[in-house]
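Following: one structure in structure tokens, then a few remarks.
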Amino acid sequence: MEIRIDPHTLARAEERGTHEDEIKDVINTGFSVQGKYGRKGKGKIYDFRQRRYDKFYDQKRVEVFYTVEGDAIITVTVYVFYGKWESEDADSI
């Protein structure tokens, strides 16, 4: 299925600390996340082990929300959370 990343979604994703390749990886290999308003969601936890805004984080969790239109996945928004999760499919934030 084709993945179309809305330009606004990509701009916000980059501000939040992720990029196009991770967005596609989350959609293709992530775990399900509860969406609202008929949207679907996927999430994935990545090792981060870096500083962001002067604070060190072990991991980042990327959540992608999207709709399916025909044979295409269209992104709606991307959230990025920083912290430490106990399991790879930790409950949604």
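Of the residues I23, I27, I45, I73, the single one that is touching a residue at least 60 places away in the same chain (Cβ under 8 Å) and either among the charged types (D, E, K, R) or out of contact with any Leu (no Cβ under 7 Å at 6 or more places or on another chain) (or both) is I73. When we screen K60, K36, K84 for residues that are at pLDDT 95 or above and of a type in the set (D, E, K, R), the only hit is K60. Remark: pairs (first residue in region 1-12, hydrophobic (A, V, I, L, M, F, W, C); second residue part of a helix (DSSP H, G or I); Cβ separation under 7 Å; 6+ apart in sequence or on different chains) = I3/K24; I3/I27; I5/E20; I5/I23; L10/E20. In the condition set (1) within 10 Å of the chain's Cα centre (by Cα); (2) in a helix (DSSP H, G or I); (3) crowded, with 19+ Cβ neighbours inside 10 Å, T9 is compliant with all but (1). Answer yes or no: is there a residue in region 76-92 that is under 16 Å from E2 (Cα atoms) and either within 13 Å of the chain's Cα centre (by Cα) or in a helix (DSSP H, G or I) (or both). Taking every residue of region 76-92 in turn, at least one turns out to be under 16 Å from E2 (Cα atoms) and either within 13 Å of the chain's Cα centre (by Cα) or in a helix (DSSP H, G or I) (or both). The set of residues from region 19-38 being in a loop (DSSP other than H, G, I, E, B) and over 20 Å from E2 (Cβ atoms) comprises Q34, K36, Y37.
Could you look through region 39-75, keep only residues that are touching a strand residue (DSSP E or B) at 6+ places or on another chain (Cβ under 7 Å) and not in a strand (DSSP E or B), and pick out the one that is surrounded by the most Cβ atoms within 10 Å (Cβ to Cβ)? Ranking the qualifying residues of region 39-75, first place goes to R39. Residue pairs whose Cβ atoms lie under 6 Å apart, sitting 6 or more positions apart in sequence or on different chains, and linking a residue in region 50-69 that is closer than 16 Å to L10 by Cβ to a partner that is polar (S, T, N, Q) and part of a strand (DSSP E or B), are F65/T77; Y66/T75.
The values are calculated or read from the model by the stated rules, or taken from the named source; none is laboratory data. Note that this is a predicted model, so its numbers are computed, not measured. Neighbour counts run over all protein chains shown; Cβ positions are idealised from the backbone, glycine included.
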